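Reviewing the structure listed below.
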Amino acid sequence: MTRGLETEPYEGRLRDLGMFSLRKRRLEEVQAVTERREGSDSCRQQRIGLETMGLNYRREVSRQCCNQEKSTHIGIPKSNRARISDDTLRPQIANPKFATNNPTLTTVTLEKPFCEFDGSMLKGASYEVYLYVMVDSAMTSSSSLMDTDDKALRATFQQTSGGQLGAYKAASFDVPNCMSPPKLSDAADVAKAPAVLAQYLIRVGDDSACLYDPNFLEACNPPLSEDTSYRFKFVLVDKTSGAMKDQTLWSDPIKTNKLKQSSSIDTWPGRRSGGMIVITSVLSVLMSVLVAAFLTAALLAVLAWGRDYHLDGVSSKRRLFSDGYPSLKGIQERLPMQLGVNPKLSNMLTQDEHKKPLSPTPGY
Amino acid sequence: MAEKGSPFVMGLLVMGNVVIMLAGLALYAESVWVTADPYKVYPIMGVSGKDDVYAGAWISIFTGFAFFCVCVFGIISLVQGNRLMVLLYLVLILVVYMFECASCITSYTHRDFVVSNSNLVKKQMLTFYSADTYQGRELTRMWDRFMMEQQCCGTTHPLDWVNFTSVFRSRYPEVVAPWPFYCCKRDPNFIIINEEGCRLGHVDYINTKGCFEHIKHAVDSYAWGVSWFGFAILMLTCPVVLLAIYHYTTM
């Protein structure tokens, strides 16, 4: 820390050291951006058009516009300017409204480079855009996309072992038409949807068959590996000569998804619901109250019966059971009487008991 | 007749029994509705063995009808003023009461296991959907129907299919089918509107809602039918039985 400035606030220190104050620098950045944004009317309209159509571009407008205005920036530190264009000219991941599942395990869906290359295209020549893919960890090795004679690299997925050794060409497509970008709202229209999606999006890792198809000669775009960071780059190529005319920066690293083990899902229900607790506790209490009441009543009845039995036997039994039906006691009382009334029957019973061990009476 | 309790208590008891009798019939009918499984969610519970919501319903078919019969018997015995019959009535209704308690508690506890959060259903979906077993086929059929009829996808959202390993994922590469095509929005003839849009997950071409809400709703309505309705009947039965016990002691 510089001596004598410890008491000053940070911005004061910078000012005293002859640096820009932070605020001033930030202001200049904003000015630079707005200047470029609002540079010309046609430019601004184009930008607003793109934004309303749902395109994701953070880049202000087309290169065409920007090129004209780049020269008009005065008084902005060069490093700042460089950083601004850094932010703006990278491949972008697709608008999440278009692709909710993005990036997936093996694919990444990108926006096509709308209006990026307009400044570098000459009238009359035909161009196409190549998409290059590289694993993020391969960035340390050479990331040049030109071979010796200035032509765009034609490395394939197999040659770079899936982008690990360097960039491979994943796809080529016509330059998106900057004048009529697709409208986001049109994607809801079934008739226009395929066209809109095809115009707007490029899906890296889209082709699961090309690796195993011996007749496939184009750039193969096989599925990416899961849980890996990739970077992407669009390159403008002259169709006839194959020479590289322009390129975007490498995108920020975009990581493909990783599968979680379904067996790791915890199915424990956690806290019990209030309803279950209420039902269980209330019903247990009610049940025990009922049983207790019933047992008490039964006990009382038995006690009352016992007390009455000592006082007089017959009536107490009538109290315990009903008096509408003959009680057990009554039956017992009446049984010997009946037997006595019918001596033949009692005789037969006793005879039967005597005979039984010897031989059963036939026909009895 | 003075020793047989007051006629007011008697009237209350008969009325209470009539109400329980009718409620028992209603419980019986409702339990039949539950066991018939009109929402057809049985595979979800059957596969994981947590199908005791239905067990509760089966028990309450029995208890519902038993309440009806026992209360008819109770009314007869009360009117006759026969102590032995009232005693038998009390014993019977206590037994039925116990079974009904068990039915309520079982049903609600297992509802908690299945739908208190979506994890069980999700895990089941991932382990059994498109598996080539009897259970797998059963569950696949159920999920296909749900996703098509309810216009939903996955358990909580379509990304369930994408974020986790599953039998489905091991059978179909993600590039071709990140999720089953039953997740795709369809026209009135059940033809997929736009396959590419569905594959990308464009909101207009995929069902973004999960199916768990529907499953939860179905299981909840079963559990509510069996548990809460049974609970209400038991709450009513309790004072009636207490009164009957009191009446018995005064007979």
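Since every read-out is calculated from the coordinates, none of them should be taken as a lab result. None of the values given here were measured: they were computed from a predicted structure. Cβ sites come from the backbone with ideal geometry, for glycine too, and all protein chains shown count toward neighbours.
What the Cα convex hull of region B:77-123 gives, in volume per residue, is 57 Å³. Here the peptides B:13-24, A:281-292, A:127-138 are ranked by packing, the mean other Cβ count within 10 Å, and the order with the highest first is A:127-138, B:13-24, A:281-292.
Near the amide H of B:PHE164, within less than 5 Å, lie the amide hydrogens of A:LYS260, all on another chain or at least 5 residues away, with H placed in the peptide plane. Charge tally around B:ILE61: other residues with Cβ under 13 Å, Lys/Arg +1 each, Asp/Glu -1 each, net -2. Per residue, the convex hull spanned by the Cα atoms of region B:125-165 amounts to 57 cubic angstrom. Positive contributions from Lys and Arg (+1) and negative ones from Asp and Glu (-1), summed over other residues with Cβ under 13 Å from the Cβ of A:ASP266, come out at +3. Partner shielding of A:96-109 amounts to 5, given as the average count of beta-carbon atoms from other chains within 10 Å of each residue beta-carbon. Counted by neighbouring Cβ atoms within 10 Å, the residues B:CYS69, A:CYS220 run from fewest to most as B:CYS69, A:CYS220.
Quick check: the angle from helix B:7-36's long axis to the longest principal axis of chain B, C-alpha only, nearest 10 degrees? Between helix and principal axis, roughly 20 degrees. When the alpha carbon gyration tensor of region B:75-199 is reduced to an equivalent ellipsoid, its three semi-axes come out at 52, 16, 12 angstrom, largest first. Report, to the nearest 10°, how far helix B:52-80 tilts away from the longest principal axis of the Cα atoms in chain B, using its own Cα long axis and a range of 0 to 90°. Roughly 20 degrees, rounded to the nearest 10.
Each listed q (0.07, 0.13 Å⁻¹) maps to a log10 I(q)/I(0) for chain B from the Debye sum over equal C-alpha point scatterers, namely -0.38, -0.80.
Based only on Cα atoms, what Rg/Rh ratio does region B:172-241 have, Rh being taken as Kirkwood's radius?
Rg divided by Rh gives 1.40.
Pairs A:LYS233/A:LYS255; A:LYS151/A:LYS239; B:LYS122/B:LYS216; A:LYS123/A:LYS233; A:LYS169/A:LYS245: which exceed 20 Å Cα-Cα? Intermediate results must be reported in sequence, preceding the final value.
Details: A:LYS233/A:LYS255 15 Å; A:LYS151/A:LYS239 11 Å; B:LYS122/B:LYS216 12 Å; A:LYS123/A:LYS233 24 Å; A:LYS169/A:LYS245 16 Å.
Over 20 Å apart, Cα to Cα: A:LYS123/A:LYS233.
Per-residue mean of other chain beta-carbon atoms within 10 angstrom of the beta-carbon, peptide B:234-244? Could the numbers behind the result be given before it?
Values: counts 6, 3, 0, 2, 8, 2, 0, 5, 6, 0, 3.
Mean inter-chain Cβ contacts per residue within 10 Å come to 3.
Each label was represented as a point 7 Å from its Cα along the Cα-to-Cβ direction; for B:LEU236 and A:ALA191 these points are 6.1 nm apart.
Can you tell me the mean projection area, over all orientations, of the convex hull of region B:14-149's alpha carbons? Units nm², please. Mind dumping the intermediate values first?
Values: hull surface 37.6 nm².
Averaging across all directions leaves 9.4 nm² for the Cα convex hull.
The Rg/Rh ratio for region B:141-185 is 0.94, where Rg is the radius of gyration of the alpha carbons and Rh is the Kirkwood radius. Remark: region A:245-253, residue by residue, has Karplus-estimated 3J(HN,Hα) of 9, 7, 8, 8, 6, 5, 6, 5, x Hz, where x stands for each Gly or Pro and the curve is 6.51 cos²θ - 1.76 cosθ + 1.60 at θ = phi - 60°. For chain B, a Gaussian network of Cα nodes joined below 10 Å ranks B:TYR54, B:TYR39, B:TYR129 by mean-square fluctuation, and the top entry is B:TYR39. Sequence-distant contacts, meaning Cα pairs under 8 Å at least 6 residues apart, place the relative contact order of chain B at 27 percent. Averaged over peptide B:167-175, the number of partner chain Cβ atoms lying within 10 Å of each residue's Cβ comes to 4.
Please compute the modelled spin-label separation between B:VAL14 and B:ASN189, points set 7 Å along Cα→Cβ, answer in nm with one decimal. According to this spin-label approximation, the distance is 6.9 nm.
Taking the beta-carbon count within 10 Å as an exposure proxy, list B:CYS198, B:CYS71 from fewest neighbours to most.
Values: B:CYS198 24, B:CYS71 27.
The order, fewest Cβ neighbours first, is B:CYS198, B:CYS71.
Within the shell of other residues whose beta carbon sits under 13 angstrom from the beta carbon of B:VAL176, the net charge comes to -1, with Lys and Arg scored +1 and Asp and Glu -1. Taking amide hydrogens as placed 1.01 Å from N in the peptide plane, the amide H of A:GLN247 sits under 5 Å from those of A:LEU236, each at least 5 positions away in sequence or on another chain. Backbone geometry of region B:223-240 corresponds, through the Karplus equation with coefficients 6.51, -1.76 and 1.60 at θ = phi - 60°, to 3J(HN,Hα) couplings of 5, 5, x, 6, 6, 6, 5, x, 4, 4, 4, 5, 4, 6, 5, 3, x, 5 Hz, x marking Gly and Pro.
With a 10 Å Cβ neighbour count serving as the proxy for reagent exposure, in which order, fewest first, do A:ARG154, A:ARG231, B:ARG111 appear?
Working: A:ARG154 13, A:ARG231 23, B:ARG111 27.
So the residues, fewest neighbours to most, are A:ARG154, A:ARG231, B:ARG111.
Per-residue 3J(HN,Hα) values for region A:283-290, derived from phi via the Karplus relation 6.51 cos²θ - 1.76 cosθ + 1.60 with θ = phi - 60°, read 5, 4, 4, 4, 4, 5, 4, 4 Hz in sequence order (x marks Gly and Pro).
Near the amide H of A:LYS255, within less than 5 Å, lie the amide hydrogens of A:TYR230, all on another chain or at least 5 residues away, with H placed in the peptide plane.
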